[in-house]
Amino acid sequence: MAIQFRPTVQADYPQICQLFPSPEEMYLIYPSGTFPMTTEQLQAIAQERIDLTSVAIDDRIVGFSNLYNYMPDQYAFIGNVVIHPEQRGQGMGKALIAYMLDRCFTIHDLPEVRITVLNYNSRALLLYSSLDFTPYSIEEIAGLTGERVAFIHLSKTNPAIAGKSYASISSN
């Protein structure tokens with residue numbers, strides 16, 4: 001079982017669409033999207049975002065993420081983080097976020113990375129907390145059925161700024 005993090009190509013889109021199994025799950029991952037996820041929506045994401053990344057196990061796409069609101073020399077947001085339901089709870093999400101952090105901190109040399117999560121997505125909140133993301137803002141939005149929910153905005157400072165190497169942080 002070879003796990004590979006690689007740039008997303010259009011041929012991946014049909015498999016990525018299958019990572020969004022329900023309207024509720026899609027809303028957690030891509031609140032501005034319309035269920036079901038389509039290749040057209042992924043093409044639109046590709047036009048607006050950078051570093052679209054697929055996670056593959058033996059050529060089967062099991063995860064996806066990207067960067068948005070990229071501000072050179074300032075920050076970027078990690079977005080659309082999704083792992084196939086069969087792969088959850090096995091460290092795949094943590095590995096994907098670590099990969100995206102590495103790209104932000106080493107390839108893009110950003111001082112800060114941000115991520116936004118819905119208040120009721122406790123698995124994601126606990127994951128991001130374990131990776132030293134901290135909240136900096138809460139924004140009220142309308143949920144999938146119009147209920148009041150909150151976007152919790154989190155950030156993480158580049159460990160190199162604090163004099164630590166990223167490799168020593170990501171191996172914990």
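Please treat every number below as a calculation from the coordinates, not as lab data. Values in this document were obtained by computation on a predicted structure and should not be read as measured data. For neighbour counting, all protein chains shown are included, and Cβ atoms are generated from backbone atoms with ideal geometry for every residue, glycine included.
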For this session: Treat each spin label as a single point 7 Å out from the Cα along the C-beta direction, and report the Asn119 to Glu40 distance in nm.
Result: 3.4 nm
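What is the local net charge at Gln18, summed over the other residues whose Cβ is closer than 13 Å to its Cβ (Lys, Arg +1; Asp, Glu -1)?
Working: positive: Arg60; negative: Asp12, Glu25, Glu86.
Every neighbour counted, the sum reads -2.
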Exercise. Could you give the length gained on full extension between Arg88 and Arg60, defined as 0.36 nm per residue of separation minus the Cα-Cα distance, in nm?
Worked result: 8.6 nm
Exercise. Contour minus end-to-end for Ile141 and Gln18, with contour as 0.36 nm per residue of separation and end-to-end as the Cα-Cα distance?
Worked result: 41.6 nm
Problem set entry | Rule-of-thumb Rg ratio for region 45-134 [Cα; 2.2 N^0.38 Å; N residues] | 1.06
Exercise. Which of Ile78, Ile107, Ile50 moves most in a GNM of the chain, Cα contacts under 10 Å?
Worked result: Ile107
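For region 104-159, compute the orientation-averaged projected area of the C-alpha convex hull (one quarter of its surface), in nm². Don't skip to the answer; put the middle values down first.
Values: hull surface 17.2 nm².
Averaged projected area of region 104-159's Cα convex hull equals 4.3 nm².
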Problem set entry | Computed P(r) (all Cα pairs; region 1-154; 10 Å bins; percent) | 10, 41, 40, 8, 0
Exercise. Pick from Asp132, Asp12, Asp59: which residue has the top mean-square fluctuation in a GNM of the chain where Cα pairs under 10 Å get a spring?
Worked result: Asp59
Exercise. Name the GluC sites (Glu not before Pro) in region 65-167 that are in a loop by DSSP and that have at most 15 other C-beta atoms within 10 Å, would you?
Worked result: Glu147
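Run lengths n ≥ 4 of DSSP H only: what is the helix-derived mean residue ellipticity at 222 nm for the chain, with -39500 (n - 2.57) per run over all residues, to the nearest 500? Working shown, then result.
Numbers: 6 runs with 47 residues, N = 172.
Mean residue ellipticity, 222 nm, calculated: -7500 deg cm²/dmol.
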